[in-house]
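Asks: A single structure is presented below for examination.
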Amino acid sequence: MLGEQKICFSGVQPSGNLTIGNYLGAIRNFSTFSDAYKCFYCVVDEHAITVRQVPADLRRRTYETLALYMACGLDPEKNTLYVQSHVPAHAELSWILNCYTMFGELSRMTQFKDKSTKHADNVNAGLFTYPVLMAADILLYQTDVVPVGIDQKQHVELARNIAERFNQLFPDTFTVPEPMIPQNGKKIMSLADPTKKMSKSDENQNAIVYILDDRDTIIRKFRRAVTDSDTVVRFAEGKDGINNLMTIYSCFTEKSMEEIEREFAGKGYGDFKLAVGEVCADALAPVQARYKELLADKAGLEAQMKKGAEEAAYYARKTLAKVQKKLGFVQVR
Ligand code: AQP
């Protein structure tokens with residue numbers, strides 16, 4: 001809380017081109033909080049370096065992610081949009097919270113287990129303490145709600161535990177945040193292996209639909225999506241591929257599973273896949289058009305980064321100073 005106003009915080013890593021998983025699970029929902037909450041939406045570049053990044057790509061994607069935030073409807077006048085590394089308080093609070101987070105807790109994080117298997121040659125300490133930096137991101141703003149996909153729920157729960165532990169030692173320091181997981185689209189699956197989450201860092205391009213894929217590519221990727229040997233469009237156990245496509249269709253059309261089943265009764269998977277591709281391409285077309293305009297104005301994006309960082313830093317510094325004071329750090333002005 002900031003006075004009477006509730007706070008919303010979330011972030012996206014510029015670790016690859018953003019997918020429809022990032023869009024449906026997170027970014028699309030961000031703007032629904034803008035009226036009722038004070039919102040902070042961050043491009044979390046410090047998180048991205050927990051796996052190796054090519055510096056030029058990271059730089060370019062940082063601009064692109066900010067432009068996509070705006071193209072997806074986040075008005076910079078109503079939301080604080082900024083880049084994590086521009087607000088040093090994130091890293092500073094993260095160090096402090098590291099000292100209030102247990103090794104065992106971090107060892108249980110499923111994302112750490114997955115990513116340390118995937119990047120076995122680079123199991124660095126940052127990959128391990130990633131959730132502590134995420135707790136710092138959230139707690140710095142006295143956040144009430146964190147809109148995320150379900151894969152990030154465990155990390156938000158850890159942030160809650162850290163906040164509660166800290167508050168027990170030093171009462172009334174942090175607001176304890178709640179994850180806000182969308183009903184529909186909380187976990188969009190890979191089109192190549194529908195038992196796996198769709199991830200922007202997946203090497204298989206056919207597994208992913210990017211927000212910026214052109215219409216033909218989107219339709220082709222959905223046509224190739226792995227399904228099953230059945231022919232009926234029905235949401236059922238064991239039909240992971242079709243369930244995923246129905247979820248995506250439902251997210252874009254707001255139709256229920258029963259409505260979708262009725263719509264495609266007597267039609268085959270081919271017709272259904274084409275329809276999923278078309279609604280997805282239609283929904284993304286205006287986002288892509290707006291994105292192109294925004295990205296062409298690099299100076300405009302930089303001005304936005306600067307303004308966002310100044311706004312965010314103002315609130316972040318207040319919490320950091322409060323924490324430092326409670327801990328016994330000497331404050332000289
Ligand atoms: N497949 C998904 N379905 C629904 N939500 C998703 N999110 C990610 N993938 C899906 C949500 O997108 C937000 C931003 O994610 P992130 O950039 O912080 O990293 P992530 O969760 O690790 O996403 P990726 O795409 O899998 O990135 P990489 O490949 O770099 O690890 C979060 O709210 C997330 O829940």
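The values are calculated or read from the model by the stated rules, or taken from the named source; none is laboratory data. Note that the structure is predicted; figures quoted are calculated from it, not measured. Only protein heavy atoms, including side chains, enter the accessible area calculation; ligands, DNA and RNA are left aside. Shrake-Rupley method; radii C 1.70, N 1.55, O 1.52, S 1.80 Å.
Asks: At 1.002 mPa s and 20 °C, plugging the Kirkwood radius over alpha-carbon pairs of the range 125-199 into Stokes-Einstein gives what diffusion coefficient in µm²/s?
Replies: Rounded to a whole number, D works out at 158 µm²/s.
Asks: Right, another one. Which percent of the Cα-Cα distances in the range 289-333 go past 17 Å?
Replies: 55
Asks: What is the antiparallel percent of DSSP beta bridges lying wholly in the chain, to the nearest 5?
Replies: 15
Asks: Could you tell me whether the range 71-191 comes out rounded, prolate or oblate from its Cα gyration tensor? Rule is a ≥ b ≥ c as square roots of the eigenvalues, rounded for a/c under 1.5, then prolate if a/b exceeds b/c, otherwise oblate.
Replies: The shape class here is rounded.
Asks: What is the angle, in °, between the Cα long axis of helix 298-327 and the longest principal axis of the Cα atoms in the chain? Nearest 10 is fine, range 0 to 90.
Replies: Once rounded, one gets 50 degrees.
Asks: At a threshold of 8 angstrom on Cα-Cα distance, excluding pairs fewer than six apart, so keeping six or more, what relative contact order does the chain reach in percent?
Replies: Relative contact order comes out at 22 percent.
Asks: How large is the accessible surface per residue of the chain, computed with a 1.4 Å probe and reported in Å² as a whole number?
Replies: Ligands and nucleic acids excluded, the result is 46 Å² per residue.
Asks: Against the longest principal axis of the chain, how steep is helix 55-71, in degrees 0 to 90 to the nearest 10, with axes from Cα atoms?
Replies: The helix 55-71 is inclined about 80 degrees to the chain.
Asks: Express in whole angstrom the spacing between the alpha-carbon centres of the range 23-43 and the range 304-329.
Replies: 21
Asks: For the range 1-121, what mean projected area does the convex hull of the alpha carbons give, in nm²?
Replies: Result: a mean projected hull area of 9.1 nm².
Asks: Given an 8 Å cut-off on Cα distances and at least 6 residues of separation, report the relative contact order of the range 10-157 as a percent.
Replies: Averaging sequence separation for qualifying contacts and normalising by length gives 30 percent for the range 10-157.
Asks: What are the principal axis extents of the Cα atoms in the range 183-240, in Å, biggest first?
Replies: Reported extents, whole Å, longest axis first: 30, 24, 22.
Asks: Once phi is turned into ³J(HN,Hα) by the Karplus curve 6.51 cos²θ - 1.76 cosθ + 1.60 with θ = phi - 60°, what whole-Hz value does each residue of the range 242-250 show in order, with x for glycine and proline?
Replies: After applying 6.51 cos²θ - 1.76 cosθ + 1.60, I find 5, 4, 5, 5, 5, 4, 4, 4, 5 Hz.
Asks: Here's a follow-up. Given the Cα-Cα distance of ALA321 and GLU105 and 0.36 nm per residue of separation, how much length would full extension add, in nm?
Replies: So the chain would gain 75.1 nm between ALA321 and GLU105.
Asks: Let me test this: with uniform point scatterers at the alpha carbons of the range 221-332, what is the Debye-based log₁₀ I(q)/I(0) at q = 0.12, 0.18, 0.20, 0.24 1/Å?
Replies: Treating every Cα as an identical point scatterer, log10 I(q)/I(0) equals -0.65, -0.87, -1.00, -1.26.
Asks: Percent of accessible area on the chain owned by carbon and sulfur, 1.4 Å probe?
Replies: 51
Asks: Here's a follow-up. Can you run phi through the Karplus equation (6.51, -1.76, 1.60; θ = phi - 60°) for the range 83-93 and list ³J(HN,Hα) in whole Hz, with x for Gly and Pro?
Replies: 10, 3, 5, 7, 10, x, 4, 4, 5, 5, 5
Asks: Taking only the Cα atoms of the chain, how large is their convex hull per residue, in Å³?
Replies: So the per-residue Cα hull volume is 147 Å³.
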